[in-house]
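Undergrad: One structure follows; several queries about it will come next.
The values are calculated or read from the model by the stated rules, or taken from the named source; none is laboratory data. The model shown is predicted, which means the values in this text are computed figures rather than measured ones. In this analysis, Cβ positions are derived from the backbone assuming ideal geometry, glycine residues included, and neighbour counts consider all displayed protein chains. Accessible surface areas use protein heavy atoms only, side chains included; no ligands, DNA or RNA. Shrake-Rupley method; radii C 1.70, N 1.55, O 1.52, S 1.80 Å.
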Amino acid sequence: MKILEERILKEGKALSDSVLKVDSFINHQVDPMLMDEMGKDFAEHFKDRNITKVLTIESSGIAPALTTAAHLGVPMIILKKQTSKILSGDVYQTRITSFTKGTSYELTLYKSYISKEDNVLLIDDFLANGEAAMGGSRLIEEAGAHLAGIGILIEKSFQRGRKRLLDAGYDVYSLARIAKLAEGVVEFVDDIEE
């Protein structure tokens with residue numbers, strides 16, 4: 001998606017070969033017009049999949065997942081990372097490790113918000129090693145629902161996440177695919193696979 005790539009080049013900060021800061025327009029300060037365009041793109045790409053729910057992981061995936069859900073006309077579900085005192089036994093949970101933060105946490109999905117009839121689209125902000133998407137997919141499958149596709153804002157194509165998800169049989173659609181990342185350097189994959 002050209003508009004996202006341009007914003008990454010203009011405002012993103014490549015700090016190393018693994019860290020790209022996009023906090024001025026995606027995950028701290030959020031550009032609602034950009035989120036709407038990305039949601040429209042995801043909705044268009046997955047329009048024939050009979051999506052019934054859009055699922056994301058708190059917190060950076062919420063804005064693009066919400067606009068995607070709005071364009072598809074379906075509810076959005078947020079997988080919780082934080083444990084809650086009001087959690088009952090009616091949840092699905094799985095442990096994942098964040099590539100960026102290097103910490104592990106439980107992803108939680110309330111059973112009442114997903115069913116075997118659901119066709120789910122998973123939206124996430126970054127794809128690095130695929131741990132978050134694999135965790136989300138485990139919860140969807142544990143619920144007996146179908147994972148119809150995975151939408152990613154920014155994919156680090158030089159890491160193993162895409163291959164891991166494709167090898168698991170998932171359809172992955174990324175709006176911006178980064179081929180190379182280094183301090184002050186961002187290069188995109190020329191031909192985006194669809």
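Undergrad: Starting from segment 11-33, keep only residues that are free of Cβ contacts under 8 Å to residues at least 60 places away in the same chain and over 15 Å from LEU175 (Cβ atoms), then list their pairs with residues that are surrounded by fewer than 17 Cβ atoms within 10 Å (Cβ to Cβ) and among the hydrophobic types (A, V, I, L, M, F, W, C) whose Cβ atoms are within a distance under 7 Å, requiring at least 6 positions of separation or different chains.
TA: Matching pairs, first to second residue: LYS21/LEU15.
Undergrad: Now for a separate question. Restricting attention to segment 142-163, which residues are within 20 Å of LYS21 (Cα to Cα), under 13 Å from the mean Cα position of the chain (by Cα) and of a type in the set (Gly, Ala, Ser)?
TA: GLY151, GLY161
Undergrad: Checking ARG95 against (1) part of a loop (DSSP other than H, G, I, E, B); (2) open to solvent by 60 Å² or more (accessible area, probe 1.4 Å), which single condition isn't satisfied?
TA: Unmet for ARG95, out of (1) part of a loop (DSSP other than H, G, I, E, B); (2) open to solvent by 60 Å² or more (accessible area, probe 1.4 Å): (1).
Undergrad: Among residues belonging to segment 1-18 that are assigned to a loop (DSSP other than H, G, I, E, B) and either out of contact with any strand residue (DSSP E or B) (no Cβ under 8 Å at 6 or more places or on another chain) or within 13 Å of ALA176 (Cβ to Cβ) (or both), point out the one that is least open to solvent (accessible area, probe 1.4 Å). Break it down stepwise before answering.
TA: Taking segment 1-18 first, the residues assigned to a loop (DSSP other than H, G, I, E, B) are 1, 12, 15-18.
Next cut, either out of contact with any strand residue (DSSP E or B) (no Cβ under 8 Å at 6 or more places or on another chain) or within 13 Å of ALA176 (Cβ to Cβ) (or both) only: 1, 12.
Details: MET1: 43, GLY12: 19 Å².
For segment 1-18, the residue satisfying everything is GLY12.
Undergrad: Provide a single number: the residues in segment 41-76 that are farther than 26 Å from SER98 by Cα and assigned to a helix (DSSP H, G or I).
TA: 10
Undergrad: Could I ask something else about it? Take the residues of segment 19-36 that are open to solvent by 70 Å² or more (accessible area, probe 1.4 Å) and part of a helix (DSSP H, G or I): which is nearest to LYS111 (Cα to Cα)?
TA: PRO32
Undergrad: Also, quick follow-up: From LEU72, LEU109, LEU139, LEU153, grab the single residue that is among the hydrophobic types (A, V, I, L, M, F, W, C) and under 29 Å from ALA179 (Cα atoms).
TA: On the way: LEU72 fails: under 29 Å from ALA179 (Cα atoms); LEU109 fails: under 29 Å from ALA179 (Cα atoms); LEU139 fails: under 29 Å from ALA179 (Cα atoms).
The match here is LEU153.
Undergrad: Given the condition touching a residue at least 60 places away in the same chain (Cβ under 8 Å), touching a helix residue (DSSP H, G or I) at 6+ places or on another chain (Cβ under 6 Å) and not aromatic (Phe, Trp, Tyr), answer yes or no: does some residue in segment 69-78 qualify?
TA: Restricting attention to segment 69-78, the residues satisfying the condition of being touching a residue at least 60 places away in the same chain (Cβ under 8 Å) are none.
No - not one qualifying residue is present in segment 69-78.
Undergrad: Within segment 62-76, which residues are open to solvent by 40 Å² or more (accessible area, probe 1.4 Å), out of contact with any Phe, Trp or Tyr (no Cβ under 9 Å at 6 or more places or on another chain) and at negative phi? Talk me through it step by step, then tell me what you get.
TA: Narrowing segment 62-76 to residues open to solvent by 40 Å² or more (accessible area, probe 1.4 Å): 62, 66, 70-73, 75-76.
After this cut, where a residue has to be out of contact with any Phe, Trp or Tyr (no Cβ under 9 Å at 6 or more places or on another chain) as well, the list is 62, 66, 70, 73, 76.
If the condition is that a residue be open to solvent by 40 Å² or more (accessible area, probe 1.4 Å), out of contact with any Phe, Trp or Tyr (no Cβ under 9 Å at 6 or more places or on another chain) and at negative phi, then ILE62, LEU66, ALA70, MET76 are the ones that fit.
Undergrad: If we keep just the residues of segment 40-61 that are surrounded by fewer than 15 Cβ atoms within 10 Å (Cβ to Cβ) and not basic (Lys, Arg), which is nearest to VAL74 (Cα to Cα)?
TA: Among residues in segment 40-61 that are surrounded by fewer than 15 Cβ atoms within 10 Å (Cβ to Cβ) and not basic (Lys, Arg), the one nearest to VAL74 (Cα to Cα) is ASN50.
Undergrad: Does segment 115-149 hold any residues that are open to solvent by 30 Å² or more (accessible area, probe 1.4 Å) and farther than 25 Å from ASN27 by Cα, and which are they?
TA: SER115, LYS116, GLU117, ASN119, GLU141, GLU142, GLY144, HIS146 - these are the residues of segment 115-149 that are open to solvent by 30 Å² or more (accessible area, probe 1.4 Å) and farther than 25 Å from ASN27 by Cα.
Undergrad: Out of ALA63, ALA69, I need the residue that is aliphatic (A, V, I, L, M) and under 14 Å from GLY149 (Cβ atoms). Which one?
TA: On the way: ALA63 fails: under 14 Å from GLY149 (Cβ atoms).
Residue meeting the stated conditions: ALA69.
Undergrad: Still on this structure, please answer the following. Looking at segment 123-135, I want the residues that are in contact (Cβ under 8 Å) with a residue 40 or more places away in the chain and have a partner that is surrounded by 21 or more Cβ atoms within 10 Å (Cβ to Cβ) and of a type in the set (D, E, K, R) with Cβ atoms under 6 Å, at least 6 apart or on another chain. Which pairs are those?
TA: Close Cβ pairs satisfying both conditions: LEU127/GLU155; ALA128/LYS156; ALA132/ASP124.
Undergrad: Could you say whether any residue in segment 34-44 is in contact with a Leu (Cβ under 8 Å, 6 or more places away or on another chain), farther than 18 Å from GLY149 by Cβ, modelled with pLDDT under 95 and not aromatic (Phe, Trp, Tyr)?
TA: No, every residue in segment 34-44 fails to be in contact with a Leu (Cβ under 8 Å, 6 or more places away or on another chain), farther than 18 Å from GLY149 by Cβ, modelled with pLDDT under 95 and not aromatic (Phe, Trp, Tyr).
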